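Below is one structure; the comments refer to it alone.
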Amino acid sequence: MMRRISAALVAVFLVLTGLVAAASPVQAGGSHPPRHAAKLRPIVFVHGFFGSGSQYETPARRFASNGYPARYVEAQEYDSTFATTTVADVHNALDARIDRLLRETGADKVDLVGHSLGTAVSQSYLNSSPARAARVAHYVNLDGATATALPGGVPTLAIWGEGNDARSFAGATNVHLSDESHTQTVTSAPSFAAQYEFLTGHRPRTTLVLPQRGHVELAGRAVLFPSNAGAEGAILRVYQVNPRTGRRVGRGPVATQTLGADGAFGPIRAKGWASYEFELRRTDSNNVHHLYFQPFRRSDRLVRLLTSLPNTGLDLLTEHSDRHVNLIVTRNKEWWGDQGAGSDTLEINGTNVLSAATAPRTKRSIAVFAFDAGLDGVSHPDVSIPALAMLPFITGVDLFVPAANPPAGVVRLASRQRGANGAADVVNVPNWPSSTDRVSVQFDDYHQNRWWR
């Protein structure tokens with residue numbers, strides 16, 4: 001069963017991908033005042049295959065650190081397998097989003113950004129109608145489809161990552177970031193700097209994510225991966241947690257919400273320096289999904305809670321028991337485990353799960369599934385789980401992490417990014433049993449030394 005599901009998803013991936021041939025730290029809170037604020041336009045991001053709006057979360061934080069209102073950056077999400085939607089559906093949804101953004105912001109046009117498969121969707125949108133193209137001021141094409149002409153005549157920036165340096169976009173401003181991986185071209189500081197200058201005509205004052213003074217607001221969607229359908233009916237509870245243990249603090253949740261059809265939640269008032277757990281619980285199941293993040297630092301409207309219905313989708317490719325923890329660890333920058341001193345490390349309770357077998361550079365993995373494969377209580381961290389290895393952007397590791405019900409221990413996850421100086425990023429979570437609980441941890445795709453609290 002697992003092999004059939006994996007093979008089917010890979011087949012879809014291969015068909016769809018046929019469509020697509022730093023500044024110095026500023027030690028101050030808040031954000032820089034915007035240059036020429038009246039000219040700032042809303043930005044709409046269109047993700048790629050197996051993607052979501054979370055992949056533009058870091059660029060959105062950087063735009064906000066340079067004066068963009070957080071509400072100016074949105075993502076158009078869709079079922080990138082096209083099992084439940086069509087390209088025309090995505091185009092119509094873009095029409096509605098652009099209508100609303102222009103009405104709410106008073107802007108004359110929007111700026112459109114596409115990544116990977118999202119570049120094919122975006123280009124077809126701009127070429128479908130002069131009226132559509134007329135409402136887009138700039139287009140950014142991130143490591144996706146080439147073109148022989150500007151789509152809809154819209155000024156275009158094309159950013160290319162590792163691979164064929166001969167790739168180009170006719171008539172566009174072409175930027176090659178040859179040392180950057182596929183998703184990294186969306187989230188890196190050099191990519192942001194190029195995007196900001198292209199969209200505004202000015203270089204950004206900072207490429208850091210600057211902490212915001214006072215409270216922040218968190219908002220986003222809980223979505224079923226990879227269809228991006230809303231997790232309708234789920235009950236979301238948000239708890240502040242002790243970063244040393246992952247255990248909840250305070251008298252109860254800081255927010256509770258029953259999710260509607262689109263899975264949207266928030267805004268939730270939070271502390272930018274604090275750590276939080278997002279708990280998704282369904283009334284028709286005993287299964288609970290716990291999702292943990294690093295501190296958000298500033299208001300964030302692209303928080304994505306990627307989940308699945310119990311015993312469906314990717315959950316079918318994992319194994320569950322009372323004895324072990326089931327972990328999903330994501331980062332919107334590929335994990336490299338075969339680059340020697342240029343590799344990343346991801347340690348789970350002291351065991352590095354990134355290796356040439358589990359996370360080769362060519363795999364482009366941004367998600368690591370770690371659980372006790374075979375339910376034998378034995379870890380094989382240097383062996384990739386075949387059913388997950390077949391999927392794009394995902395890898396699987398056989399790792400036995402003891403669980404308890406109720407949790408009695410701490411699972412320590414430490415991510416050290418290639419090329420980063422300073423300490424590892426650490427997220428600690430309780431050792432929830434996988435028979436009833438799933439655990440997701442999202443690491444930032446950048447590393448900043450903690451020169452603020």
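What follows is calculated from the coordinates using simple rules that are stated; it is not laboratory data. Please read these numbers as outputs of a predicted model, since none were measured by experiment. A quick note on method: Cβ atoms are made from the backbone with ideal geometry, for glycine too, and the neighbour counts reach across all protein chains shown.
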Cβ-defined net charge surrounding His215, 13 Å radius [Lys, Arg +1; Asp, Glu -1]: +3
When a footprinting reagent is the concern and you count Cβ atoms within 10 Å, what order do Ile43, Ile235 take, fewest first? Ile235, Ile43
Using Cβ counts within 10 Å as a stand-in for footprinting exposure, how do Trp336, Trp273 rank, fewest first? Trp273, Trp336
Using only the Cα atoms of the chain, what are the Rg and Dmax in Å? 21.0, 61
Could you tell me whether the range 278-331 comes out rounded, prolate or oblate from its Cα gyration tensor? Rule is a ≥ b ≥ c as square roots of the eigenvalues, rounded for a/c under 1.5, then prolate if a/b exceeds b/c, otherwise oblate. prolate
What net charge do the residues around Thr183 carry, taking every other residue with its C-beta under 10 Å from that of Thr183, with Lys and Arg at +1 and Asp and Glu at -1? -1
If you count the DSSP beta bridges with both ends in the chain, what percent of them are antiparallel, to the nearest 5? 50
Would you work out which of Pro407, Gln417, Ser434 lies farthest towards the positive end of the dipole of the range 399-453? Charges go on Cβ: Lys and Arg +1, Asp and Glu -1. Gln417
Net charge contributed by nearby residues that have their C-beta within less than 13 Å of His324 (K/R +1, D/E -1): -4
Magnitude of the Cβ-charge dipole (Lys and Arg +1, Asp and Glu -1) of the chain about the Cα centre, nearest 20 debye, reported as 1520
Each label point is 7 Å from the Cα along the Cα-to-Cβ direction; what then is the distance between the points at Arg203 and Ala408, in nm? 5.8
As a check on your grasp of the helix formula, calculate [θ] at 222 nm for the chain: sum -39500 (n - 2.57) over DSSP H runs of n ≥ 4, divide by the residue count, round to the nearest 500. -5000 deg cm²/dmol
Distance between Cα centroids, the range 379-453 to the range 125-183: provide it in whole Å. 34
Based only on other Cβ atoms within 10 Å, what is the fewest-to-most ordering of Ser128, Ser122? Ser128, Ser122
Can you tell me the Rg and Dmax of the range 381-453, counting just the alpha carbons, in angstroms? 15.1, 42
